[in-house]
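Participant: Handing you this structure, nothing more for now.
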Amino acid sequence: MSRIVYVNGEYLPEEDAKISVFDRGFLMGDGVYEVSSILDGKLVDNAAHIARLERSLSELKMDWPCTKEELLEIQREILRLNNVTEGAVYWQITRGAADRDFVFPKNPKSSLVMFTQAKNIVDVPAAKTGISVITVPDIRWHRRDIKTVQLLASSMAKMAALEAGANDAWQVETGYVTEGSSNNAFIVTQDETIVTRNLSNDILHGITRRVILELAEKENLTVDIRPFTPDEAYGAAEAFITSASSFVMPVVKIDDHKIGTGTPGPIAVKLRKLYIEIARADAA
Ligand code: PDD
């Protein structure tokens, strides 16, 4: 059965959902997006995702196509129409259609597209086994804090990982890990300190990252917010990634190095469990 997709005011079967070939998202990558996860038919950390979208729009001087209240209504309607209880909702705003030009159009009418992806996100085998990552050079632009639809570099990083027999890639710039292809990267040192890179234009300010850091503080875990090198990661006791679609996912191998015992570490496993409990309780 086909999904119902939202496109600029209409709910349509996915095969009938269309946008203009002149849409600047299509021609210039001139668009921003968000992904909120869905648990028990409810949205997880959604207010924070909407707030980050607002910041992305403002950094690119792009207009909202609707009010935030309308956006939330569309999210709820698309979940209802597709009857999704677990998975993700994706929505993107582009500057809209205009004749191709590097100059932003004068009176742009921004475009909103939204769809759901039904999938298991809690009960996934990878959470039990952990995943492997390779390191790759970070070749992305320098405004990674803006969640744009320009995802080719991340897609290439992920493909390099799959071709190397790994699950994902950690991107490296001037000797330090920036983040995963579509997630934030963490290590736990041998003395049980959680290390993750500081916020800047070099990485996406992950919503899950923020919640995990709050959780770590509540649990009295030691956290050190700073960049780390691949070498430091190879010698870590544990490693994990965070994102809306993976929550907390243990990393058990980085390049050719087994991390810890090569199985998900206790801190990663605990944070995943706590995160899912909180996400379920707070989902709305
Ligand atoms: N990706 N870093 C990058 C480059 C990302 O693309 C993402 C999210 C994150 C984690 O952010 P958050 O915790 O807010 O999801 C970090 C989404 C899930 C995606 O592109 O599918």
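The values are calculated or read from the model by the stated rules, or taken from the named source; none is laboratory data. Source: prediction; values computed, not measured. All Cβ positions, even for glycine, are placed from backbone atoms using ideal geometry, and neighbour counts span all protein chains on display. Side chains included, ligands, DNA and RNA excluded: accessible areas come from the protein's heavy atoms. Shrake-Rupley method; radii C 1.70, N 1.55, O 1.52, S 1.80 Å.
The rows are residues; the columns are (1) away from the ligand (no atom under 16 Å from the Cβ); (2) touching a Cys at 6+ places or on another chain (Cβ under 9 Å); (3) without any contact (Cβ under 8 Å) to a residue 40 or more places away in the chain.
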position	(1), (2), (3)
Leu12	yes, no, yes
Glu15	yes, no, yes
Ser37	no, no, no
Gly41	yes, no, no
His49	no, no, no
Thr67	yes, no, yes
Leu81	yes, no, no
Thr85	yes, no, no
Ala97	yes, no, no
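Participant: Quick check on my filter: what residues within the range 113-137 are more than 18 Å from Tyr234 (Cβ to Cβ), not in a helix (DSSP H, G or I) and not hydroxyl-bearing (Ser, Thr, Tyr)?
Facilitator: Val113, Met114, Phe115, Gln117, Ala118, Lys119, Asn120, Ile121, Val122, Asp123, Val124
Participant: Here's another thing I want to ask about it. If the Cβ limit is 8 Å and pairs must be 6+ apart or interchain, which residue in the range 177-204 that is closer than 16 Å to Phe247 by Cβ and assigned by TED's automatic domain parsing to the domain that holds Met156 pairs with which residue that is away from the ligand (no atom under 14 Å from the Cβ) and among the charged types (D, E, K, R)?
Facilitator: Short answer, once both residue conditions are applied: Ile194/Asp224.
Participant: Which count do you get for residues in the range 171-182 that are more than 11 Å from the ligand (Cβ to nearest atom) and under 17 Å from Gly206 (Cα atoms)?
Facilitator: 1
Participant: Further question: From the list Ala166, Ala161, exactly one residue is open to solvent by less than 20 Å² (accessible area, probe 1.4 Å), part of a loop (DSSP other than H, G, I, E, B) and away from the ligand (no atom under 11 Å from the Cβ). Which is it?
Facilitator: When all the criteria are applied, what remains is Ala166.
Participant: Evaluate the following for Asp145: is it outside any helix (DSSP H, G or I), acidic (Asp, Glu), exposed (fewer than 14 other Cβ atoms within 10 Å of the Cβ) and touching a residue at least 40 places away in the same chain (Cβ under 8 Å)?
Facilitator: In short, no.
Yes/no per residue for (1) over 23 Å from Asp202 (Cβ atoms); (2) out of contact with any strand residue (DSSP E or B) (no Cβ under 9 Å at 6 or more places or on another chain):
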{"position": "Leu71", "(1), (2)": "yes, no"}
{"position": "Met114", "(1), (2)": "yes, no"}
{"position": "Asp145", "(1), (2)": "no, yes"}
{"position": "Leu152", "(1), (2)": "no, yes"}
{"position": "Asp168", "(1), (2)": "no, no"}
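Participant: Those residues that are more than 14 Å from the ligand (Cβ to nearest atom) and touching a residue at least 12 places away in the same chain (Cβ under 8 Å), I need them from the range 55-65; list them, please.
Facilitator: Leu57, Glu59, Leu60, Lys61, Met62, Asp63, Trp64, Pro65
Here's the yes/no breakdown for (1) under 25 Å from Arg143 (Cα atoms); (2) out of contact with any helix residue (DSSP H, G or I) (no Cβ under 8 Å at 6 or more places or on another chain); (3) not polar (S, T, N, Q):
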{"position": "Tyr6", "(1), (2), (3)": "no, no, yes"}
{"position": "Pro13", "(1), (2), (3)": "no, yes, yes"}
{"position": "Val35", "(1), (2), (3)": "yes, no, yes"}
{"position": "Arg80", "(1), (2), (3)": "no, yes, yes"}
{"position": "Glu86", "(1), (2), (3)": "no, yes, yes"}
